[in-house]
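The values are calculated or read from the model by the stated rules, or taken from the named source; none is laboratory data. Bear in mind that the values here come from a model prediction, so they are computed numbers and not experimental data. As a convention, Cβ positions derive from the backbone with ideal geometry for all residues, glycine included, and neighbour counts pool all protein chains shown. The protein model used for the area step is the full one, side chains on, heavy atoms only, and it has no ligands, DNA or RNA in it. Shrake-Rupley method; radii C 1.70, N 1.55, O 1.52, S 1.80 Å.
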Amino acid sequence: MLINDLSPKITFLRDTINGAISRVLNRSRLVLGPEVNAFEKAFAAYLSVNYCRTVANGTDALEFGLRAVGIQQGDKVATIANAGFYTSTALLAIGAIPLYLDVDLETQLVSKEEVKRAIFEGARCIVVTHLYGRGVSNIAEIATFCRAANVFLLEDCAQAHGVRIQGKQAGSFGDIGCFSFYPTKNLGALGDGGAIVCHDSELAEKVSQLRQYGWSTKYQIALSGARNSRLDEIQAAILLEFLPYLDDWNTRRREIAAQYSTRITYPEIILPPIGKEDYVAHLYVIRSTKRDMLREHLKKQGIATDVHYPIPDHRQPVFGDSFSKLHLPHTEMLAQEILTLPCYPEMSQNDVERVINAVNTMPEQLPLQKRTIDALL
Ligand SMILES: *Cc1c(COP(=O)(O)O)cnc(C)c1O
């Protein structure tokens with residue numbers, strides 16, 4: 001069993017996909033045309049925001065979001081260090097300085113206290129990540145004190161399409177929401193894609209310029225930090241067809257996660273909390289001090305797993321020892337313990353049973369795995 005298999009979805013929606021592609025081919029308008037316009041309108045309406053601007057991928061969405069609010073070289077931007085380095089990639093591109101925040105052990109999301117620390121330490125912008133499909137529950141409160149402190153707030157929603165917190169969509173709380181439509185995301189294209197969403201027309205206009213060479217009008221360059229980063233018409237047409245399925249897909253993901261969380265009984269595993277509409281189960285991530293052995297056991301049973309993510313951002317080799325004095329105890333411990341089980345909407349019930357049985361038949365009484373000094377601090 002794969003960690004994620006797109007073939008059932010593509011098979012099921014083959015005619016729909018072919019229809020979308022034909023629509024574009026018949027028109028032969030391939031870049032920034034009616035499909036992109038229609039998808040941007042539909043996605044903005046779905047999220048109840050005023051504007052959506054599509055771009056080539058989620059990492060560009062983060063970079064353009066940061067540039068749009070005015071983040072420049074040398075500015076401090078706060079983010080968590082357990083979310084796969086995507087925000088850090090955007091910060092490196094700009095030359096901004098990451099201010100890494102630790103996460104809450106239970107939710108693996110940023111805490112309000114850490115956001116307050118970031119503001120106190122001079123962050124100009126906070127990037128809040130709704131990691132693994134779990135909405136940051138106090139995002140409204142975080143938005144309020146960011147506004148009061150004159151600090152920008154970006155939401156990284158690349159794993160959280162359709163998350164609702166107190167009835168409001170993730171991505172609609174901050175100054176800007178950033179999305180990825182990489183194929184395995186909750187709303188995925190059949191190739192790369194991304195978007196930023198916002199309520200403010202000036203921010204939307206800036207992103208429109210950033211994604212197309214910095215043009216204010218054709219061939220007139222008004223903005224630096226720009227490049228070419230556009231979603232193409234075929235991907236937009238496909239996303240437009242997929243969007244109406246998103247809530248149902250999320251419901252199925254949540255159902256699978258709920259089965260795992262109620263039926264996995266192996267004692268040395270910490271299961272993630274299951275939410276309601278604030279949880280879209282992008283990744284089902286368990287914790288165990290016997291992670292590596294569990295992984296090996298599942299592999300022998302033919303079940304693929306993954307670690308999202310094995311190296312915290314502040315420990316990535318690209319930084320050399322710039323962050324060697326920084327310790328984020330929860331982040332560092334989690335990197336040793338987390339394991340992602342297969343959880344995607346097209347999984348059969350048989351697959352779900354197989355995963356549960358395989359985990360529950362892991363032999364007990366295994367020695368503790370070796371952990372790095374870091375994790376023990
Ligand atoms: C996937 C992802 C991104 C980046 O999206 P790409 O389209 O792959 O560039 C950013 N943030 C998070 C949390 C992600 O999971």
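Report, by residue number, each residue of region 224-239 that is open to solvent by less than 20 Å² (accessible area, probe 1.4 Å), in contact with a strand residue (DSSP E or B) (Cβ under 9 Å, 6 or more places away or on another chain) and of a type in the set (Gly, Ala, Ser).
Result: SER229, ALA236.
Can you tell me which condition VAL31 does not meet? The list is (1) without any contact (Cβ under 8 Å) to a residue 12 or more places away in the chain; (2) farther than 23 Å from ASN250 by Cα, and all the others hold.
Status for VAL31: all satisfied but (1).
Could you look through region 316-336, keep only residues that are surrounded by fewer than 20 Cβ atoms within 10 Å (Cβ to Cβ) and charged (D, E, K, R), and pick out the one that is nearest to GLU106 (Cα to Cα)?
Of everything passing the filter in region 316-336, LYS325 is nearest to GLU106 (Cα to Cα).
Which of (1) of a type in the set (Val, Ile, Thr); (2) within 21 Å of the chain's Cα centre (by Cα); (3) assigned to a helix (DSSP H, G or I) does VAL49 not meet, given it meets every other one?
Exception for VAL49: condition (3).
In this structure, does ILE311 turn out to be open to solvent by less than 60 Å² (accessible area, probe 1.4 Å) and at pLDDT 95 or above?
Working: open to solvent by less than 60 Å² (accessible area, probe 1.4 Å): no; at pLDDT 95 or above: yes.
Answer is no for this residue.
Can you tell me which residues in region 181-209 are open to solvent by 10 Å² or more (accessible area, probe 1.4 Å) and within 11 Å of the ligand (Cβ to nearest atom)?
Pass one, region 181-209, residues open to solvent by 10 Å² or more (accessible area, probe 1.4 Å): 182-185, 190-192, 199-203, 205-206, 208-209.
The answer is TYR182, PRO183, THR184, LYS185, GLY191, ASP192.
Open to solvent by 10 Å² or more (accessible area, probe 1.4 Å), in a helix (DSSP H, G or I), small (Gly, Ala, Ser) and within 16 Å of the ligand (Cβ to nearest atom), is that true of ALA61? Steps first, answer last, please.
Values: open to solvent by 10 Å² or more (accessible area, probe 1.4 Å): no; in a helix (DSSP H, G or I): yes; small (Gly, Ala, Ser): yes; within 16 Å of the ligand (Cβ to nearest atom): yes.
Spelling it out, it is not the case that ALA61 is open to solvent by 10 Å² or more (accessible area, probe 1.4 Å), in a helix (DSSP H, G or I), small (Gly, Ala, Ser) and within 16 Å of the ligand (Cβ to nearest atom).
Scanning region 86-105 for residues that are among the hydrophobic types (A, V, I, L, M, F, W, C) and in contact (Cβ under 8 Å) with a residue 60 or more places away in the chain, which turns out farthest from GLN316 (Cα to Cα)?
Step one: filter region 86-105 for residues among the hydrophobic types (A, V, I, L, M, F, W, C), giving 90-94, 96-97, 99, 101, 103, 105.
In the following step, the residues that additionally are in contact (Cβ under 8 Å) with a residue 60 or more places away in the chain were identified as 92, 94, 101, 103, 105.
Details: LEU92: 13, ILE94: 18, LEU101: 15, VAL103: 18, LEU105: 21 Å.
Checked region 86-105; the qualifying residue farthest from GLN316 (Cα to Cα) is LEU105.
For THR87, are the conditions met, namely being crowded, with 23+ Cβ neighbours inside 10 Å, among the β-branched types (Val, Ile, Thr), within 16 Å of the ligand (Cβ to nearest atom) and not in a helix (DSSP H, G or I)? Lay out the reasoning, then the answer.
Details: crowded, with 23+ Cβ neighbours inside 10 Å: yes; among the β-branched types (Val, Ile, Thr): yes; within 16 Å of the ligand (Cβ to nearest atom): yes; not in a helix (DSSP H, G or I): no.
Answer is no for this residue.
For the condition in contact with a Cys (Cβ under 8 Å, 6 or more places away or on another chain), under 18 Å from ALA170 (Cα atoms) and open to solvent by 10 Å² or more (accessible area, probe 1.4 Å), what is the one hit in VAL49, VAL115? Walk me through it before giving the result.
Working: VAL115 fails: open to solvent by 10 Å² or more (accessible area, probe 1.4 Å).
Going through VAL49, VAL115 in turn, just one is in contact with a Cys (Cβ under 8 Å, 6 or more places away or on another chain), under 18 Å from ALA170 (Cα atoms) and open to solvent by 10 Å² or more (accessible area, probe 1.4 Å): VAL49.
Within region 205-216, is there a residue that is more than 17 Å from THR59 (Cβ to Cβ) and acidic (Asp, Glu)?
yes
If the Cβ limit is 8 Å and pairs must be 6+ apart or interchain, which residue in region 273-294 that is over 15 Å from TYR260 (Cβ atoms) and away from the ligand (no atom under 16 Å from the Cβ) pairs with which residue that is hydroxyl-bearing (Ser, Thr, Tyr) and part of a loop (DSSP other than H, G, I, E, B)?
Every condition considered, the pairs that remain are ASP278/SER137.
Output the residue which, of all residues in region 114-148 that are among the small types (Gly, Ala, Ser) and farther than 30 Å from LEU243 by Cα, is farthest from the ligand (Cβ to nearest atom).
Within region 114-148, the first condition is being among the small types (Gly, Ala, Ser), and the residues that meet it are 118, 122-123, 133, 135, 137, 140, 143, 148.
When the remaining residues are screened for being farther than 30 Å from LEU243 by Cα, the result is 118, 122-123, 148.
Details: ALA118: 18, GLY122: 24, ALA123: 18, ALA148: 27 Å.
Of everything passing the filter in region 114-148, ALA148 is farthest from the ligand (Cβ to nearest atom).
How many residues does region 7-46 contain that are in a loop (DSSP other than H, G, I, E, B) and open to solvent by 50 Å² or more (accessible area, probe 1.4 Å)?
If we filter region 7-46 for residues that are in a loop (DSSP other than H, G, I, E, B), which is where we start, we get 13, 28-30, 32-33.
Filter once more, so that each one left must be open to solvent by 50 Å² or more (accessible area, probe 1.4 Å): 28-30.
Total satisfying the criteria: 3.
Please enumerate the residues belonging to region 149-180 that are open to solvent by 10 Å² or more (accessible area, probe 1.4 Å), within 12 Å of the ligand (Cβ to nearest atom), part of a loop (DSSP other than H, G, I, E, B) and under 21 Å from ARG67 (Cα atoms).
Within region 149-180, ALA158 is the sole residue that qualifies.
I want to confirm something. Restricting to region 285-308 and keeping residues that are over 24 Å from GLY133 (Cα atoms) and part of a loop (DSSP other than H, G, I, E, B), which single residue is least open to solvent (accessible area, probe 1.4 Å)?
Within region 285-308, the match that is least open to solvent (accessible area, probe 1.4 Å) is LYS290.
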